[in-house]
Structures are given as structure tokens and as C-alpha cells.
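This report concerns only the one structure given below.
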Amino acid sequence: MDKPYFELRDLAVGYNGKPLLSHISLSLQRGGIMTLTGPNGSGKSTILKTVTRRLPAISGQILLEGEDLRFADSKAMARKMAVVLTDRIRPELLTAFDVAAAGRYPYTGSFGLLTRRDREIVLDALSQVNAADIADRDFSALSDGQRQRVLLARAIAQEPELIVLDEPTSFLDIRHKIELLEILRSMSKERGVAILMSLHEIDLASKVSDTVVCVSPDGISAFGKPEEVFSDLSVRRLYGLERGSYNASLGSIELAAPLGVPQVFVVGGGGYGIPVYRALQKAGVPFYAGILFENDLDLAVAAPLAASVVKCPAFGDLTEAHISAAKALIDASETVVDSGCPARGTNSAKAELLDYARSRGKRVVPGGASEVPS
């Protein structure tokens, strides 16, 4: 196996000689994306500040292509490593172009003069982050999201082999979050750039990362591929969740189920019930749900939000026992919500349940948001 491009060996990080986290051993190859995630105060930023030499390592080694960064030449390292941290810079009388152009300084002479080629690289970097239109604007007058894009452009202009980013999506709207992560993914896969970053959004981390590192106050609690590391249980433990849940299959967070005795039964299936379940949760209305197969998209949302779900094994047979269980929950309810799932195929029992509800004098309503009981 090839030697790692970037490696932490038994690293201890902290402040004033006191370790916050110890025994950190991680490795990253060229073209890989590694993301640190975990609760606030767990030490993610401390690790990144140590890696970028903003903080001295308490013990252990940080290696880049086998070279210990403690002894590396600063200018030579600047040609290999670019850094985008959360520290808010407030440069005076500098344009967005000027700030992005700082990424070229490791390549300029003593006077820091940009060549025509340097300027082309900077403008291209600004274009990649959709910031070319603000190149001439005062950096201090930009929004937080615009500044974040300009700082990423500075890192891109540096033409690094490794980019270290601390919460790069923090100030970005959803469009620019996606664009930024697509840029990083492209740089890693097409140019072989190694990416080391921290993210709060575990849904984004799971979608963009090759490996994730779960950082807790007790140390590194997990390391591996997102699909291997992130589960409802592991995320609960990492963040100390007592209410709400993480859905590994959808990569999303669900709030806590409403409390109380349900008076509503949702006839769902095929994804049609999802907006109904979430509307009831937001309204604080406890509910039952069914009949759902275990491979149904609905079940991933209904399971953490409903008081009880009648479910069948994936690709299994729908039996009279399932139908009887659903009818019992309908009997216990005042209102039945028809999510709109077509009553055919594996969902053929939906019509029977709705007919049963009407025969029992239950209020049957469609699943539109305006019709959901509150």
C-alpha cells in the first residue's frame, strides 16, 4: 500500500501545554476528502489549527509526504498547503481580488508582484466560486457568505496539494454550500488535491466525504467511510441526543415524536406519507401509521415520529394479522388521514383500511397540509 500523503501520528493537541485530545492517528491520500465532525467544543478546530501550525503540537507528528511539518520551510509549505479557517479577517482597503491574490504570494518574488499569469489564476479561482462579479468590491463590505467564497478562491489560487478548511459552509446559503462542496469534490478527484475539513452538517459530510472522523470530548470515537460510521446510534452517542434522531438511510435529522395519546391514523406508503408525518410532528399531534413495508421510504420517517407503526417485512406477504393490527389502531383514532398513496400492488390494503375507517364513522381527510389535524 502506498504511503499516506498526509499523516497524523499519535498527535496530542491542546492549549498551554495541556492536551485537549491525545493519541490522534489519521492518514489521508492525495485526492481524498476527510471530514472531522462532532459537537461544539470537541476539538475539531484545535486539530486543524495544530495541523496548520497556528498552534504547536503538544506531542506526536504531523507529516506531509513524510516530512515533519515542525521543521518544514514556511514558503515551501505554502505551495503545498492552503488554509481556510473560521477566523474573520478584516483587511483595510483591499478588494476581493486583492484578498484572493494573496494565494499567489508563495510564487511571487520579494516584492510580491503579480505576473499576468498570476492574475489569470486569481480571476479563474474567483470564477470557480462564482465571485468574479465582486472582484473589485471592498472585501470588508462583503457579506459573510461572499467573504467565505473569496477565501476559498484564495486557497484555490494557491494551487495547493492539500487544503485545510474549518467549517467552510458556515456562512453559505444552500446554493453556495452545494457549489462549494462540488468544487472541493472536483479538486480532489480531477486534480488529486487532498481535502481535510470540519463540518457541522453530518448530512453534507456523509455525501461529500471519503472518510469521516467523529471527534468527541473523549477523543476520536470513530473513523471510516460515512456509510460505515454514521448510524442513528452512533450519532446519538456522538452528540448526546436525548430527543430526536438521525436517519442514516436518508442522511437527515428528525425531531422528537409528539407526546400524548394518538387520535390520528395515517394511511401512508410509497413516500406519500412523509409530508403528513412531518406536518403532524410540527403541529404536535401524536399519530399512528401503517401499513408500511420495511423497504418503504415512508417507514424511515414514520418510525421515529409515530407512536406506533404497523409494518411488514420487505418483500413479505401482507397478512390478515397486519390488517387487523391497523384496524385496531384506526378504532383507537378519531381521524384517519389518506396520504394519497395509490391503492394498488403492495399497497392494495390502503383502500380496505379507508373503507373500514368510513364504516366505523371515522373522519377521513386527505393528506394536504391544510387538512392535517392540528
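General observations
- Pairs, first acidic (Asp, Glu) in segment 232-257, second surrounded by 16 or more Cβ atoms within 10 Å (Cβ to Cβ) and in a loop (DSSP other than H, G, I, E, B), C-beta under 8 Å, six or more apart: ASP232/ALA248
- Just one of the listed residues (LEU93, LEU64, LEU48) is surrounded by fewer than 19 Cβ atoms within 10 Å (Cβ to Cβ), in contact with a strand residue (DSSP E or B) (Cβ under 9 Å, 6 or more places away or on another chain) and not aromatic (Phe, Trp, Tyr), namely LEU93.
- Filtered by the rule that a residue be small (Gly, Ala, Ser), open to solvent by 10 Å² or more (accessible area, probe 1.4 Å) and under 24 Å from GLN158 (Cα atoms), segment 186-208 gives SER186, GLY192.
- Pairs meeting the criteria (first residue in segment 279-302 and free of Cβ contacts under 8 Å to residues at least 24 places away in the same chain, second residue among the aromatic types (Phe, Trp, Tyr), beta carbons under 8 Å, at least 6 apart or on different chains) are ASN295/PHE315; LEU299/PHE293.
- Answer residue from segment 313-325, given it is in contact with a helix residue (DSSP H, G or I) (Cβ under 8 Å, 6 or more places away or on another chain) and modelled with pLDDT of 90 or more and is surrounded by the most Cβ atoms within 10 Å (Cβ to Cβ) among those: HIS322
- Residue among LEU259, LEU250 that is assigned to a loop (DSSP other than H, G, I, E, B) and at pLDDT below 90: LEU250
- Being open to solvent by less than 70 Å² (accessible area, probe 1.4 Å) and closer than 22 Å to LYS80 by Cβ is a description that applies to GLU161.
- Unique residue being in contact (Cβ under 8 Å) with a residue 60 or more places away in the chain, out of contact with any Asp or Glu (no Cβ under 7 Å at 6 or more places or on another chain), of a type in the set (S, T, N, Q) and over 30 Å from GLY103 (Cα atoms) when the list is SER209, SER216: SER216
- Search result, residues across segment 119-151 that are among the basic types (Lys, Arg) and within 25 Å of the chain's Cα centre (by Cα): ARG147, ARG149
- The lone exception for ALA328 - which of (1) under 26 Å from ASP232 (Cα atoms); (2) surrounded by fewer than 19 Cβ atoms within 10 Å (Cβ to Cβ) it fails: (1)
The values are calculated or read from the model by the stated rules, or taken from the named source; none is laboratory data. Since the model is a prediction, treat every value here as computed from it, not as a measurement. Virtual Cβ from ideal backbone geometry, glycine too; neighbours counted across all protein chains shown. Surface accessibility is based on the protein's heavy atoms, side chains included, excluding ligands, DNA and RNA. Shrake-Rupley method; radii C 1.70, N 1.55, O 1.52, S 1.80 Å.
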